[in-house]
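As structure tokens, the structure follows; a few thoughts come after it.
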Amino acid sequence: MTEAEYDDLVNALTKYNVKITDVNGEFRSTYDIIKDIAAIWDTLDSKSQAALTEKLAGKRVPVCTETCI
């Protein structure tokens, strides 16, 4: 992850009041971060959910062959 990608992720999470670091600047546990995301997930519209998911997991385009159809 580049610094710009990291900043984008932090900004996206901050928009929804989800923090990835604690008051000491240490990273919070992944479980706690996901728990915070889960708490606000149902309040987001589908576009916001998609945008946040892309920030968290990235965008992948599957390679499809004839068997995918």
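Tell me yes or no: at least one residue of segment 39-46 is surrounded by 10 or more Cβ atoms within 10 Å (Cβ to Cβ), assigned to a loop (DSSP other than H, G, I, E, B), under 11 Å from the mean Cα position of the chain (by Cα) and at pLDDT 90 or above.
No, because not a single residue in segment 39-46 is surrounded by 10 or more Cβ atoms within 10 Å (Cβ to Cβ), assigned to a loop (DSSP other than H, G, I, E, B), under 11 Å from the mean Cα position of the chain (by Cα) and at pLDDT 90 or above.
Quick one: in segment 22-38, of everything that is part of a helix (DSSP H, G or I) and among the hydrophobic types (A, V, I, L, M, F, W, C), which residue is surrounded by the fewest Cβ atoms within 10 Å (Cβ to Cβ)?
Looking at residues that are part of a helix (DSSP H, G or I) and among the hydrophobic types (A, V, I, L, M, F, W, C), I get A38.
The values are calculated or read from the model by the stated rules, or taken from the named source; none is laboratory data. Quick caveat: nothing in here was measured; it's all calculated off a predicted structure. Note that we place each Cβ from the backbone using ideal geometry, even for glycine, and neighbour counts take in every protein chain shown.
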